[in-house]
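Q: Input: one structure, supplied below.
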Amino acid sequence: MSEYAISFRDVSYVYGEGTPFFKKALDHVSFDIKEGIITGIIGHTGSGKSTLLQMMNGLLSPHKGQVLVKGNAIGSKALSKRDAAFQVGLVFQYPEYQLFEETVFKDIAYGPKNKGLGEDEIKERVKEAIRFVGLSEDVLEKSPFELSGGQKRRVAIAGVLAMRPEILVLDEPAAGLDPRGRTEIFGNIYNYQKRTGTTVIIVSHSMEDMARYAEELAVMSDGKLMMHDTVRKVFSQRDLLESIGLDVPGITPVIERLRALGMPIKEDIFTVEEAREELLRLLKGGSTHA
Amino acid sequence: MAGYISIRNLSFSYKDDQKEQQALKNINLEIEKGSFVAVLGHNGSGKSTLAKLLSAILVPDEGEIVVGGLKVSDPELSEEDLLELHRRVGMVFQNPDNQLVATVVEEDVAFGPENLGIEPKEIRRRVDEALALMGISEYARHAPSKLSGGQKQRVAIAGLMAMLPECMIFDEATAMLDPSGRKEVMATVLKLNKELGITVLHITHNMEEAAMADRVVVIDDGQVLLDGTPEQVFSKVQTLQAVGLDVMQCTELLHELACCGLPFPEGVIDEEQCARLIYEYYMKTVKDKK
Amino acid sequence: MLKDITLGQYFPGNSLLHRLDPRIKLLATVLLIVIIFLAKNMAGYGVMILLTVFLVALSRIPVKTILKSIKPLIFVVLLTVAMNIFFTGGENVVLDQKIWIIHLRLTAEGILNGVKMALRILLLIVDTGVILTYTTSPIDLTDGIERLLSPLGKIGVPVHSFAMMMSLALRFVPTLIEETDKIIAAQKSRGADFSSGNVISRVKALIPVLIPLLISSFRRADELALAMECRCYHGGKGRTKMKELKLQAKDVAFLLVLALFLAVAFLPGIPCSVFGINTMNFVF
């Protein structure tokens, strides 16, 4: 057994070989994604993130190199592509556009059914999945098309959760949602991870969400892996991130400015809560306990 | 003095066979010519309904809407007046793909002026000007499907600019874009408003974007909840959070510090100012300590 | 993947063929199709091949691209060739043998017919491609059709609406292809299996792709109609065009050259029409 959930071994992939639209989507990418934590993948559009994701469950095969799920190469005898799709659950961007069944129940049951599970097992999993995404069982008999945008999104995510993947991969799960919708979806995913211990991989453009929910970050640019480290280490490389068109969380410039002005403030602060604690220590502690 | 857009006692509900759902309740708003107003609200708050009423796609149940002297709310609006309204008030929608009609960028930009029956030479001149204004002249002969989301939105904006509008309504036009696409579109919005004096109504649930406006109107449950400068609106952190909205991280930080008894103002939307306030207070407390 | 299909797509460029009036190109295409079907013998095909090579050079479309566009149709071509080879009777038997249980009887006429049919299909694809689809933006194409058919408007045929529908359909082809790819990938991730089982189960497996596609197409159509209305679209009435179609010398010249080809190669009574005589001995 491998201690890594997914490993990329010198993976390259090109689009449109021999056409004017030729593009190196992945260029000798090697790294290991740890088991049992939330890993974030960041990078601007076209950096190779989507290609990376679609390789994790065997939808795309590398032109060079290997992708391993728990130590087994996808497409090898030990792990067929279809098995990889069941082991690694992939939630696409705007997943609500794949809903097709008459009822929410049937739609969530589609994946487990393809897996060949029995009726009782499917029922249990559908109910479990709908709870994980924070919806009540009442919606199960409704048509997915009469739900609100945010609810549709959750149903679509539940459809993947019901397959009980060992690794859950989500591409921009909160795209287009309002702030409350974002917080709820990320909260659901975070709690799901904590409760089940599933390995979770999230692509997001929101550095604030990444700072709040991810443990490690992989940074992609131009088909190359630029960094793969803890969230703290990655966000402390602000210059490098900005040079490849990425931001840092909104609070970070404030902290950096304070440090530049000469305040003795910790440098690795990436969330508002951390900033508040640190500043309370410096400001209030200084004034009340002096 | 009445503004460019004048909305009085506006109410609207969506009706179908079974139920009636009130989307807007008794809205009153005056929007000055040349101003940049952000309309903020969570998904389903009624903010997009407002955009549809302003462009006469929907007709209000009650109340009156006047845009640049045209009585938009009149259900018997003549076809000439309707065309004139759409010429004057450009609408940019959420999905960049679903508003482009032609297979070549410049042909798409020409679509509006062609509908208005403008002389071919004049159309050519306007198209070239609009493309240059949006910084997309180099893509004039490209297919829209090959462009990025931000570029597509700029094509859509160019197509409206070629009709020489007085006002532009952005109906969640950034919601489906990545951060760089958002920046592209927001830079364009500012340019239209500040340099060309176009009245801008920007409908969004993004706080950073709303903070760029001169005025922020928060809509919740079909009613105007808050209305004022960004500083005024974002000083109501609790009210905003209660209706599922958020504030920028620097605003939130000062708000939380103020809640802990430190003398910081609310509604600070500038990171630099935020850092300066904290630093000044820190210097004062350090001095007091000595 | 679906994305790789190039057949019927416009390649932006600035060659003479790109700049010709779309009406002329439509007429030329009709003319060429007629010529191709009139060609009776190898010499006639030879003339057409020369003309096609000339047109390809004129279009400046890379040969590679053209070959790629033929690829998906190779099966059809081979099938036609096979049908002709095996089902054309004839005198000049070149092979008459029993292999295993199949009695193979090939005739020169059959082979020639097969080759001709293959040439005919390939010429049709390449010529219409080079003159029309590759070098004419869909908007020009619909413009051309609209103008050519405009006389029908006078008797109540909705020519403008038809042309607008066509150009919108063309606009959304790449968008829908991309979307189909996405939905297929998403359903595969939920364990959908499109490649095993019998025909019925395969067709059934497509439902999870077709329904989302249909729903999203309706949504797109709705949003598009709204956006068009907001861009002052109100039908063809009073509409102008940025690019007016005006026949120029080069357009007329191009059509004349093609007509000349037709006359020289295929009209009886003109010296070259010796090609019209049965040329079996000519070829073999």
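Q: State whether the residues of segment C:184-201 include one that is in contact with a helix residue (DSSP H, G or I) (Cβ under 9 Å, 6 or more places away or on another chain), in contact (Cβ under 8 Å) with a residue 12 or more places away in the chain, in a helix (DSSP H, G or I) and within 11 Å of chain A (Cβ to nearest Cβ).
A: Yes.
Q: Continuing with the same structure: Could you check how many residues of segment B:24-42 are open to solvent by 40 Å² or more (accessible area, probe 1.4 Å) and part of a loop (DSSP other than H, G, I, E, B)?
A: Here the count works out to 3.
Q: Can you name every residue in segment C:89-112 that is under 27 Å from the mean Cα position of the chain (by Cα) and open to solvent by less than 30 Å² (accessible area, probe 1.4 Å)?
A: Matches in segment C:89-112: C:110, C:112.
Q: Test each condition in (1) more than 9 Å from chain C (Cβ to nearest Cβ); (2) open to solvent by 10 Å² or more (accessible area, probe 1.4 Å); (3) within 25 Å of the chain's Cα centre (by Cα) for residue B:87 and report the one that comes out false.
A: Checking residue B:87 against (1) more than 9 Å from chain C (Cβ to nearest Cβ); (2) open to solvent by 10 Å² or more (accessible area, probe 1.4 Å); (3) within 25 Å of the chain's Cα centre (by Cα), the one that fails is (1).
Q: Checking residue A:188 against (1) in contact with a helix residue (DSSP H, G or I) (Cβ under 7 Å, 6 or more places away or on another chain); (2) surrounded by fewer than 19 Cβ atoms within 10 Å (Cβ to Cβ); (3) farther than 22 Å from residue C:191 by Cα, only one condition comes out false. Which one?
A: (2)
Q: So the check is Cβ under 6 Å with 6+ separation or different chains; which pairs have a first residue in segment B:14-42 that's of a type in the set (Lys, Arg) and a second one that's surrounded by 12 or more Cβ atoms within 10 Å (Cβ to Cβ)?
A: B:25/B:11; B:25/B:222; B:25/B:223; B:33/B:4; B:33/B:199
Q: Having 1 or more residues that are more than 29 Å from residue C:177 (Cβ to Cβ) is the bar; report the helices (runs of 4 or more DSSP H) wholly within segment C:1-102 that clear it.
A: C:16-19, C:22-38, C:42-59, C:74-87
Q: Please pick out the residue among C:262, C:245, C:258 that is in a loop (DSSP other than H, G, I, E, B), surrounded by 13 or more Cβ atoms within 10 Å (Cβ to Cβ) and either among the polar types (S, T, N, Q) or at pLDDT below 85 (or both).
A: On inspection, the qualifying residue turns out to be C:245.
Q: Another question, then. Test each condition in (1) farther than 23 Å from residue A:181 by Cα; (2) within 9 Å of chain A (Cβ to nearest Cβ) for residue B:280 and report the one that comes out false.
A: Answer for residue B:280: the failing condition is (2).
Q: So in segment B:98-122, with the set limited to residues that are among the β-branched types (Val, Ile, Thr), in contact with a Ser or Thr (Cβ under 7 Å, 6 or more places away or on another chain) and within 21 Å of residue C:168 (Cα to Cα), which one is modelled with the highest pLDDT?
A: Here the answer is B:104.
Q: Additional query: For residue A:160, which of the numbered conditions (1) within 14 Å of chain C (Cβ to nearest Cβ); (2) open to solvent by 40 Å² or more (accessible area, probe 1.4 Å) fails to hold?
A: With respect to (1) within 14 Å of chain C (Cβ to nearest Cβ); (2) open to solvent by 40 Å² or more (accessible area, probe 1.4 Å), residue A:160 is out only on (2).
Q: Moving on to the next point. Of the residues B:82, B:70, which single one is touching an Asp or Glu at 6+ places or on another chain (Cβ under 7 Å) and surrounded by fewer than 24 Cβ atoms within 10 Å (Cβ to Cβ)?
A: After applying the criteria, what remains is B:70.
Q: Among the candidates B:6, B:45, single out the residue that is outside any strand (DSSP E or B), open to solvent by less than 10 Å² (accessible area, probe 1.4 Å), in contact with an Asp or Glu (Cβ under 7 Å, 6 or more places away or on another chain) and polar (S, T, N, Q).
A: Within the list B:6, B:45, the selection yields B:45.
Q: State yes or no: is residue B:75 crowded, with 19+ Cβ neighbours inside 10 Å, over 19 Å from residue B:193 (Cβ atoms) and more than 12 Å from every other protein chain (Cβ to nearest Cβ)?
A: It is false that residue B:75 is crowded, with 19+ Cβ neighbours inside 10 Å, over 19 Å from residue B:193 (Cβ atoms) and more than 12 Å from every other protein chain (Cβ to nearest Cβ).
Q: Every residue in segment B:253-275 that is at the interface with chain A (Cβ under 7 Å from one of its Cβ atoms) and buried (at least 17 other Cβ atoms within 10 Å of the Cβ), please.
A: B:253, B:256, B:257, B:262, B:271, B:274, B:275 - these are the residues of segment B:253-275 that are at the interface with chain A (Cβ under 7 Å from one of its Cβ atoms) and buried (at least 17 other Cβ atoms within 10 Å of the Cβ).
Q: Please verify whether segment B:164-177 includes one or more residues that are away from chain C (no Cβ under 12 Å), in contact with a Cys (Cβ under 9 Å, 6 or more places away or on another chain) and among the aliphatic types (A, V, I, L, M).
A: No - not one qualifying residue is present in segment B:164-177.
Q: Name the one entry in A:117, A:90 that is hydrophobic (A, V, I, L, M, F, W, C) and open to solvent by 20 Å² or more (accessible area, probe 1.4 Å).
A: Exactly one of A:117, A:90 is hydrophobic (A, V, I, L, M, F, W, C) and open to solvent by 20 Å² or more (accessible area, probe 1.4 Å), namely A:117.
Q: So, in segment C:212-234, how many residues would count as being open to solvent by 20 Å² or more (accessible area, probe 1.4 Å) and under 29 Å from the mean Cα position of the chain (by Cα)?
A: 6
Q: Still on this structure, please answer the following. Please count how many residues of segment A:237-277 are at pLDDT 90 or above, open to solvent by 60 Å² or more (accessible area, probe 1.4 Å), closer than 25 Å to residue B:178 by Cα and part of a loop (DSSP other than H, G, I, E, B).
A: Selection size over segment A:237-277: 1.
Q: Also, quick follow-up: Quick one: residue A:202 ticks every box in (1) outside any helix (DSSP H, G or I); (2) within 14 Å of chain C (Cβ to nearest Cβ); (3) open to solvent by less than 10 Å² (accessible area, probe 1.4 Å) except a single one, so which number is it?
A: (2)
Residue-wise test of (1) in contact with a helix residue (DSSP H, G or I) (Cβ under 9 Å, 6 or more places away or on another chain); (2) at pLDDT below 95.
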residue	(1), (2)
A:15	yes, yes
A:21	yes, yes
A:33	yes, no
A:44	yes, yes
A:47	no, yes
A:63	no, yes
A:71	no, yes
A:77	no, yes
A:84	yes, yes
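Q: Can you find a residue in segment B:227-236 that is assigned by TED's automatic domain parsing to the domain that holds residue B:166 and among the basic types (Lys, Arg)?
A: The answer is no; no qualifying residue exists.
Q: Give just the number: which of (1) open to solvent by less than 10 Å² (accessible area, probe 1.4 Å); (2) away from chain C (no Cβ under 12 Å); (3) farther than 30 Å from residue A:93 by Cβ does residue B:194 not satisfy?
A: Condition (1) is where residue B:194 drops out.
Q: Another question about this same structure. Please tell me if residue B:65 is touching a residue at least 60 places away in the same chain (Cβ under 8 Å) and either outside the structural domain of residue B:152 (by TED's automatic domain parsing) or farther than 25 Å from residue A:181 by Cβ (or both).
A: Here the answer is yes, as residue B:65 does meet what is asked.
Q: Would you confirm, using the coordinates I've provided, whether residue B:45 is in contact (Cβ under 8 Å) with a residue 60 or more places away in the chain, assigned by TED's automatic domain parsing to the domain that holds residue B:193, more than 15 Å from residue B:167 (Cβ to Cβ) and touching a helix residue (DSSP H, G or I) at 6+ places or on another chain (Cβ under 8 Å)?
A: So residue B:45 does not fit the description; no.
Q: Can you pull out the residues in segment B:124-133 that are crowded, with 24+ Cβ neighbours inside 10 Å and at the interface with another protein chain (Cβ under 7 Å from one of its Cβ atoms)?
A: B:127
Q: Hey, residue A:229 hits all of (1) assigned to a loop (DSSP other than H, G, I, E, B); (2) surrounded by fewer than 24 Cβ atoms within 10 Å (Cβ to Cβ); (3) not small (Gly, Ala, Ser) but one; which does it fall short on?
A: So the condition that residue A:229 fails would be (1).
The values are calculated or read from the model by the stated rules, or taken from the named source; none is laboratory data. For clarity, every value in this text was computed on a predicted model and none was experimentally measured. For neighbour counting, all protein chains shown are included, and Cβ atoms are generated from backbone atoms with ideal geometry for every residue, glycine included. With ligands, DNA and RNA removed, areas are computed over all heavy atoms of the protein, side chains included. Shrake-Rupley method; radii C 1.70, N 1.55, O 1.52, S 1.80 Å.
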